[in-house]
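Colleague: After the structure tokens below, expect a handful of questions from me.
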Amino acid sequence: MSPVLIAEQVLNGVQSGVVLFLMAAGLTLVFGVMGLINLAHGSLFMVGAFAAAGVASATGSFLLGLVAALAAAAAAGALVEVLVLRRLYAREHLDQVLATFALILIFSEGVRWVFGSFPLFLDIPTALSGTVSLPGGILYSRYRLALIATGLVVALGLYLLIAHTRIGMQVRAGASDREMIAALGVDIGRLYTVVFALGAALAGLAGALVGAIQSVQVGMGEPVLILAFVVIVIGGIGSIKGAFIGALLVGLTDTLGRLFLPPLFALFMDSSAAATVGSSLASMSIYVLMAIVLVLKPSGLFGART
Amino acid sequence: MKRAWVANVALICMLPVVAIWASMADEPFIITLATKVAILALAGVGLNMALGQGGLVSLGHAAFFGIGGYAMGILASHAQSYTPLLEWPMLIEGSNSMPVIWLLALVSSGLAALVIGALSLRTNGVYFIMITLAFGQMFYYFSISWPAYGGEDGLAIYMRNGFPGLNTLVPLHFFGLAFAVLLVALALATLIGRSPFGLALNAARQSSERVETAGIRPYRLQLTVFVLSGMVTGLAGALFADLNRFVSPSMFSWQTSGEIMVFVILGGVARLCGPLAGAALFILLEQLLGGISDYWHIFLGALLLLIILFARGGVMGLIAGPGERAHV
Amino acid sequence: MSMFLEELVVWRETTKEEYAVTDRINIGRAARCSTIAAALFVGLASSAMADVKVGMITTLSGGGASLGIDVRDGFMLAVEQSGNTDIEVVIEDDQRKPEMAVQIADKMIQSEKVDVLTGIIWSNLAMAVVPSATAQGKFYLSPNAGPSALAGKGCHANYFNVAWQNDALHEAAGAHATAEGYQNSFILAPNYPAGQDALTGYKRTFEGELSGELFTKLGQTDYAAEIAQIRASDADSVFFFLPGGMGISFLKQFADNGIDLPVVGPAFSFDQGILQAVGDAALGVRNTSQWGKDLDNETNAAFVASFEEKYGRLPSLYASQGFDTANLLLSAMASADVSDQEAFRAALKAADFDSTRGDFAFGSNNHPVQDIYVREVIKEGDVYTNRTLGVTLTDHGDVHAADCAL
């Protein structure tokens, strides 16, 4: 196994981690501020991808597609927040889980109703297609590099937004004491809608970005959603920093596990069996990681509250 | 309380009445549906122990359901091919006898619940939900990629397993068996609810500090009820596999966890017969709505939302009136 | 609901008026159970043959629905074109869930009392339904899945596969790679039984070396890691079997990575429904199939034209299989009575129908013996489609027939 291959795989791990971060950031923000667990976050990811594919194929512009993804996911998020989720903040997590499970059913079949059962097409923009040479002789997809950059920019932007702006202050205050901030005259209802729409827009962005290199189809959001859960459990719920570190950890563990486990087993069994056993265990590696983190730190790496 | 009691009895009696009517009218498929209701209700009763009595919102109960299913699949497939399950350290043969299968289902799902519970219960609230979900997924991926027992293709068992004294191939006999198991589980749930253990658990759900000051560790209580809950759901999985004569990784999928939870909520959380009412309603909706539109999940989702938002006690809340909860 | 379904429902409403007295209750129940009764005794039922009731279990909702919809549409097109009034088709959606398929099969056998079952897309669902259905004396005609267990030891006189044994297209891909002179293939498939069979099938006919063999996670959507390994290897060709969305993701990512290696695969990742979602990334890729829309025979030309006219889209592989399945059944109905199992079985086995693939015959295990073609993905106007290049395996059966006791 050459160092170039390993370096490339590390980049791949970072890239998948960065996309997971876009998903996990919205989830953790919504939980941190509103105390809401949202299973339908994966549906917003899907809405973003479909909006991007629809608009990009109509206009021929990937950029317009991205804008549409952000707008559609944010709008869908805001709508859902105002119509449904708002009534659930004070409820038990159980009700939230069920209501958002119901939303998944509605979103999935609704999207299928509108767009049909066939997967949609979304291509990467020509400016970002092909590969670039990185130092050390690594050939790497330009689009994936752009994904990593986008993710890092969004992470930085979120940090600045939360640490240094007025709305960020309200978000932090809201996370620690909801009654108090309402008493101070902040329009808490509007704040919640804005935060939810922001989280939804991030999920939509992730959906559109990923849609260009994968297939845009119904049900694409749920596997990512579950990975995002693993991320925020590892990182600590409510912590953006935790989501970032957790996402990178999960991305790297998954990618490197798939790279190293099959050859590891090939050392002491025949290659076909090693490929099956190795990939079976690789598919479980992130859950093992999660279990280890939980044993050591039950509230996640950066979780403040339990 | 009287109204709740009447509603429970009426609901429990309804199922065998439907099955016997279907048997006389020669509608075997309706008996199959009634059996499915009984088995899914059993899974729901299991989840309801953790959810309603323990306040543990587990989104990973598909793991136990699937383990129960595979207990049946693995034993029966070895019996089918006359190959031993284990040769070392001792010879273990496959089996196509339901009591043996049930025992394995109970033990293995109980052990899995012990491990998952011991790790997951270190946390609570929303962490608990996500962790149980993730553990469920872990089993799902493992069952798909492990080739020995069919992987994603699953295992087809050509003959339904036997039970001493019954012909399980007769739909009504198999229904009777599933229904009897459901009754036992309901009785167990009632007993637990009224026992000192159940009372302590109930107290721990409402305020863990309070029971701690009384010298009880909520962790132990919760772990115990989680294991019991996993075992009942595992048994339901074994029966479900026998109903279909087939097991596959989809029993482990997180949608299965979600659906079991939907039965409980549709029916009414922490109500004795909530899961039964919920499972019956779900199957009814599936049959009726599925016929109206290919997109029936939209209506199911909308209905579910309405129940959560506006009818918090579920179906049993509407029929039996509020306030049964403390009595479970 | 598609236009087609609506038409049928409207049409049935009129039938219902005509037969209001006798059939009201039955039709009401049938409608509730989402059944579509095609050609319900219109006109005089003059044929001496008994009516045949067909139960179609297929995937019409959720992921993978496009395959089931194509099989259904192809099947119903053939039924409609035949004008045969003695066939009744009951269609139900299995949601791609094995346990759902089993329950629907129970229902169709127990309460609908169907004579013939068909429609299942996925091997795992077929494994769950077919053995018990044939054991109960029903006929099963497979329009898609062909798991090896049902072709070998588990074969059954009442089970006919009208599509292919699962290995066939992969074996054809291996044969094609050998014919092209490839020496060193990198092969990958998802880690599940059909994926393992795919790689075995390819290796059975490929005579070169393997520079790598990878199992990916089922449902995996990011193949960056696998593509990096392909790049790092010394392969001169790539074979993959990644059905559905997995194939779309892989091809798009592969095309964007500047690896200039020829790719071969079975038709599943290049069928009409999926190609539009892959786009340019698929152009020029060689794939193996038992059917192509440009196959030069009369039946096929008529099928492609009428399918496009009726549904407003090009037919896929799956649609052609649905169409052939219905025509096989209709041909058997014309010469034998379904209640006479022996005769009906023989009539099916004769395969006396005009297939969209040209020559078609059943081997000893009731699986097809047919030509497998190599196709190339091209663009016709705005539409991506396939052009048939030639035959790669002639009169190809399967190796499992040797294990079949029939």
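Colleague: Peptide C:279-291: average number of partner chain Cβ atoms within 10 Å per residue?
Modeller: Whole-number average of other-chain Cβ neighbours for C:279-291 is 1.
Colleague: Sticking with this structure for a sec: Among the DSSP beta bridges whose two residues both lie in chain C, what percent are antiparallel, rounded to the nearest 5?
Modeller: Restricted to chain C, the bridges split so that about 35 percent are antiparallel.
Colleague: Nearest-5 percent of antiparallel DSSP beta bridges in the protein assembly as shown?
Modeller: 45 percent
Colleague: Just to confirm a number: summing +1 for Lys and Arg and -1 for Asp and Glu over residues other than A:GLY221 whose beta-carbon lies under 15 angstrom from that of A:GLY221, what do you get?
Modeller: That sum, taken over residues with Cβ under 15 Å, equals -2.
Colleague: In addition: Let me know the mean shielding of B:244-256 by other chains, meaning the per-residue number of their Cβ atoms within 10 Å of its Cβ.
Modeller: That works out to 5 on average.
Colleague: Per DSSP H run of n ≥ 4, the term is -39500 (n - 2.57); total these for chain A, divide by its residue number, and report the mean residue ellipticity at 222 nm rounded to 500 deg cm²/dmol.
Modeller: -26000 deg cm²/dmol
Colleague: Assuming R0 = 51 Å, what is the FRET efficiency of C:GLU80 and A:ILE167, from their Cβ-Cβ distance, to the nearest 0.05?
Modeller: Between C:GLU80 and A:ILE167 the formula returns 0.25.
Colleague: So how tilted is helix C:168-179 from the main axis of chain C? Cα-based, degrees 0 to 90, rounded to 10.
Modeller: 30 degrees
Colleague: Beta carbons within 10 angstrom, averaged per residue: use that to sort the peptides B:182-190, C:160-168, highest first.
Modeller: In descending order of packing, they fall as C:160-168, B:182-190.
Colleague: Something else now. Among all the lysines, which ones have a C-alpha under 20 Å from A:LYS241's C-alpha, if same-chain residues fewer than 8 places away are not counted?
Modeller: Cross-link targets: A:LYS297.
Colleague: Counting only other chains, what is the mean number of Cβ atoms within 10 angstrom of the Cβ of each residue in peptide C:390-402?
Modeller: If you average over the peptide's residues, the count of other-chain Cβ atoms is 0.
Colleague: Please give the residues of the range B:32-62, grouped as numeric ranges, whose backbone N is less than 15 Å from a label point set 7 Å along the Cα-to-Cβ vector of B:SER195.
Modeller: From the range B:32-62, the list is B:49-50, B:53-54.
Colleague: Continuing with this model, one more query. Roughly what angle does helix C:317-335 make with the longest principal axis of chain C, taking Cα atoms, 0 to 90 degrees, to the nearest 10?
Modeller: 40 degrees
Colleague: Can I ask one more? Can you give the FRET efficiency to the nearest 0.05 for C:ASP359 and C:LEU283, using r as the Cβ-Cβ distance and R₀ = 35 Å?
Modeller: Once the sixth-power term is evaluated, E becomes 0.70.
Colleague: Between B:THR256, B:THR83, B:THR224, find the one with the highest GNM mean-square fluctuation for chain B; connect C-alpha pairs within less than 10 Å.
Modeller: B:THR83
Colleague: Would you please give the FRET efficiency between B:SER207 and A:LEU156, computed as 1/(1 + (r/R0)^6) with r the Cβ-Cβ distance and R0 = 51 Å, to the nearest 0.05?
Modeller: 0.75
Colleague: First check a/c for chain B, with a ≥ b ≥ c the square roots of the eigenvalues of its C-alpha gyration tensor; if it is under 1.5, answer rounded, and if not, answer prolate when a/b is larger than b/c or oblate otherwise.
Modeller: Oblate, because a/c is 1.5 or more while a/b does not exceed b/c.
Colleague: Still on this structure, I have one more. About the Cα centre, and with charges only on the beta carbon of Lys, Arg (+1) and Asp, Glu (-1), how big is the dipole of the range A:3-218? Nearest 20 debye, please.
Modeller: Approximately 180 debye in magnitude.
Colleague: Give the angle, between 0 and 90 degrees and rounded to the nearest 10, that separates the Cα long axis of helix A:62-83 from the longest principal axis of the Cα atoms of chain A.
Modeller: 40 degrees
Colleague: By its C-alpha gyration tensor, with a ≥ b ≥ c as the square roots of the eigenvalues, how is the range B:61-203 shaped: rounded for a/c under 1.5, else prolate for a/b larger than b/c, else oblate?
Modeller: Oblate shape, in that a/c is at least 1.5 and b/c is the bigger or equal ratio.
Colleague: Further question on the same structure: With labels modelled as points extended 7 Å from the Cα through the Cβ direction, what inter-label distance (nm, one decimal) is found for A:VAL114 paired with B:THR224?
Modeller: The modelled label-to-label distance comes out at 5.2 nm.
Colleague: Then there's this: On a full-extension model of 0.36 nm per residue, what is the gain between B:ILE20 and B:ARG217, subtracting their alpha-carbon distance, rounded to one decimal in nm?
Modeller: Between B:ILE20 and B:ARG217, full extension yields an extra 66.2 nm.
Bear in mind that the values in this text are calculations on the coordinates, not laboratory data. Note that the structure is predicted; figures quoted are calculated from it, not measured. Please note: Cβ atoms are built from the backbone with ideal geometry, for glycine as well, and neighbour counts cover all protein chains shown.
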